[in-house]
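Shown next, in structure tokens, is the structure this report addresses.
Readers should treat all values here as calculations from the given coordinates under stated rules, not as data from a laboratory. What you see is a predicted model; the values in this text were computed from it and never measured. Counting neighbours? That spans all protein chains shown, and the Cβs are built from the backbone with ideal geometry, glycine included.
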């Protein structure tokens, strides 16, 4: 007998038919002799509807009351799923975050899980029940309802799997696994059988929207075996775990992230502390800087470029331009017509030719590289936005086809 | 400083505009220096929508999961109201049933309140906050969510008022008080300034749908001063309390209840135990018998008539007809073309002419009385349904105009 945690996202429980489908998946798993804990998100657009209703009353509601409102979304979907499972004749019980023992910090709308008191969960599992838990929510030390923020339901599922020492945590979503590239962009993208936590983390950070970083980090920390799969197809998904067979793959995937923009500072003085000055300023305004490249220009001058999220581009340009003279920089040039294209794979650590192969692919179709950034298991390049889809395809072809 | 509990029903919080209106009423009460606890129902048709969604998945869902589903309705409206009150700049906090300390029995969908642990409520009131509480819900000893059944939010409000020893419990609804008759039927119906608990109980039972019996019973038991008023008009409502000034009113109101039907058993033998046999049978099938009249017929035979809710008429007729011979009765005649018209008022106890005045009014316009039933403070008559509106009007005229 295995203990399996299954998490279903908003699209998987969006309506009556989908809920019946989820009930079938869950009861099939139970029928095979497993213990099952199900974690659900709010149905489809519920969260958006709640946020709209709230905005009509108060454009800046307190995060405490927002949590009270949002958390009712999972409460609705868990009760409905329980009814669908009852209909199939299986013992089942639904538990809210507080009933399931989720204790969190008090940072409303973005609370961290402190611990899970698993006594109720274990009691219900030992009574042979399928246990449904509301994802995304818990209570703090004041008994106030909290929510976990983006990717919260995935995190709830992984946290339960860790706390109960589950054999597997299945994340059901609207794609059926992790692909070597976004199948909407790359025709020949292939589903990966498995991927390591570190690779998944890089992919998540670089724009693959399959799993949220936070849940992968937690899975890595507590060594929870994950599987990403679809509730709408009946195929096996992608396993995410600590150790993966290396196969023959040098890299696991190619990603594209359009939410980036480049700030270039021309003719900056070549003196110590200058970079610190610039990036302390960005930090002060809460602007998240990604790739930084410093070029060697004239003997006493150089250029510095860096990328920031698109929403922060104008602000970054404004605050730097205002301080042009005091800092002593020339022009501040900003553009958001760029994309970040990346490859990820633990294989590149032991294969020195990976970067060259990527650059060669881009060169072969005449795509210019603006910036380059590397880590142990990823290489990112900044290219013109208009070239980005072509870049992903030509790189994918070079490595996978 | 007074402590006031204000309860707002589903229509009062149905949409953004109504919620803003309720926020104004609540904050106006707070501004006058009062402590305020607000009890809310689910918005408008939320409960119906939830029930429909549930039915699509399972025509017979467990009452436990139904309670999980339904209780989220109040959680939504309390969070939205809190946001509307925040917008007006007042400190406010919303509490679910369990957060507000509502402990109930485990009879899901129709749970009785066992006690209210008021520590959190008092803490928040002492922090100068407006406290919003989800009506209709609590938790049982297993920490499972329960709901209180019909009229549940009124009951929640009265229970809080009793537990906190509040000075007043205001029930805001879609009518602005208790009238001498339904204003939709009687043009000259007058709003009562006050009414006693007993009179209100009789009116509620006899078809006035202003307050639910259960909440009035609780208010009487704990001597909670009630006021029924409208959230949509800015007028004072009707006070419901133990002692009322008698004024010059012989009676408080005239009501009509169309949900009734009459079963007549003709030529029944005049022997002991016969009535017991009939009504034990009704009880066995859970049929609620209201008025019973036994006529004196021929020397050894008599007729028995009684009323039952319309939905039970066919069943009652069927089970009696099937046993006609074994019990020894003649024909079983059923009709639902009857209405019960009643007058209620503690004044009739000391005024013997009240019944005569009612019958005279009916006689004066040629309305035939089918059955009569009386209690200390009410007189009910059964008339043909086609005459019922006329009956209410002519009686109202006799007593009030």
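For segment B:338-400, a Kirkwood radius taken over Cα pairs fed into Stokes-Einstein (4 °C, viscosity 1.567 mPa s) yields D = 112 µm²/s. Largest GNM mean-square fluctuation across A:129, A:378, A:318, computed for chain A with C-alpha springs under 10 Å, falls on A:318. Take the Cβ atoms of residue B:258 and residue B:232, set R0 to 22 Å, and the FRET efficiency comes out at 0.25. Note on segment A:3-174: antiparallel DSSP beta bridges, both residues inside, total approximately 25 percent of the bridges counted.
Under the shape rule built on the C-alpha gyration tensor, where the axes satisfy a ≥ b ≥ c, segment B:3-174 is oblate, since a/c reaches at least 1.5 while a/b does not exceed b/c.
In segment B:3-80, Cα pairs under 8 Å separated by at least six residues give a relative contact order of 36 percent. So what is the orientation-averaged projected area of segment B:214-288, using the convex hull of its C-alpha atoms, in nm²? The number I arrive at for segment B:214-288 is 10.1 nm².
Peptide A:140-152 has a mean shielding of 1, counted as Cβ atoms of other protein chains within 10 Å of each residue's Cβ.
Altogether, the Stokes-Einstein calculation at 37 °C and 0.692 mPa s, with the Kirkwood radius of segment B:58-146 over Cα pairs as Rh, returns a diffusion coefficient of 239 µm²/s. Estimated purely from DSSP H runs of n ≥ 4, each contributing -39500 (n - 2.57), the mean residue ellipticity at 222 nm for chain A is -11000 deg cm²/dmol once divided by its residues.
Most simply put, chain B has about 60% antiparallel DSSP beta bridges, counting only bridges with both residues inside it.
The spacing between segment B:254-300 and segment A:256-272, judged by their C-alpha centroids, is 92 Å.
Enclosing the Cα atoms of the protein assembly as shown in their convex hull gives a volume equal to 212 cubic angstrom per residue. Among the residues of A:48-57, the average count of other protein chain beta-carbon atoms within 10 Å of the residue beta-carbon is 4. In terms of overall dimensions, the C-alpha atoms belonging to segment B:1-105 reach 49, 32, 17 Å along their principal axes, ordered largest to smallest. Counting only DSSP beta bridges whose two residues both lie in the protein assembly as shown, roughly 60 percent are antiparallel. Across peptide A:93-105, the average count of Cβ atoms from other chains found within 10 Å of a residue's Cβ is 3. Measuring nothing but alpha carbons in chain B and taking Rh as the Kirkwood radius, the Rg to Rh ratio lands at 1.03. By the gyration tensor of its Cα atoms, with a ≥ b ≥ c the square roots of the eigenvalues, what is the shape of segment A:153-300: rounded for a/c under 1.5, prolate for a/b over b/c, or oblate? Prolate shape, in that a/c is at least 1.5 and a/b is the bigger ratio. Each part reduced to its alpha carbon centroid, segment A:318-335 and segment A:381-398 end up 31 Å apart. Shape analysis of segment B:100-176 places it in the oblate category; the axes a ≥ b ≥ c from the Cα gyration tensor give an a/c of at least 1.5, with a/b not above b/c. Applying D = kT/(6 pi eta Rh) to segment A:261-335, where Rh is the Kirkwood radius over alpha-carbon pairs, T corresponds to 20 °C and eta to 1.002 mPa s, the Stokes-Einstein value obtained is 175 µm²/s. Of B:194, B:322, B:74, the residue with the greatest mean-square motion in the GNM of chain B, using alpha carbon springs below 10 Å, is B:322. For segment B:140-195 versus segment A:49-84, the spacing of their alpha-carbon centroids is 27 Å.
Of A:211, A:281, A:121, the residue with the greatest mean-square motion in the GNM of chain A, using alpha carbon springs below 10 Å, is A:281.
Pairs of Cα atoms under 8 Å, at least six residues apart: use those to get the relative contact order of segment B:261-335, whole percent. Averaging sequence separation for qualifying contacts and normalising by length gives 49 percent for segment B:261-335.
Normalised by the number of residues in chain B, the mean separation of alpha-carbon contacts (under 8 Å, six or more apart) gives a relative contact order of 13 percent. Relative to the longest principal axis of the Cα atoms of chain A, the long axis of helix A:354-364 lies at roughly 70 degrees.
Taking Cα atoms only, the orientation of helix A:213-222 departs from the longest principal axis of chain A by about 70 degrees.
Between copies, the label points at residue B:384 (set 7 angstrom from Cα along Cα-to-Cβ) are spaced 9.1 nm, reported in nanometres from shortest to longest. Between the Cα long axis of helix A:274-284 and the first principal axis of chain A there is an angle of about 30°, rounded to the nearest 10.
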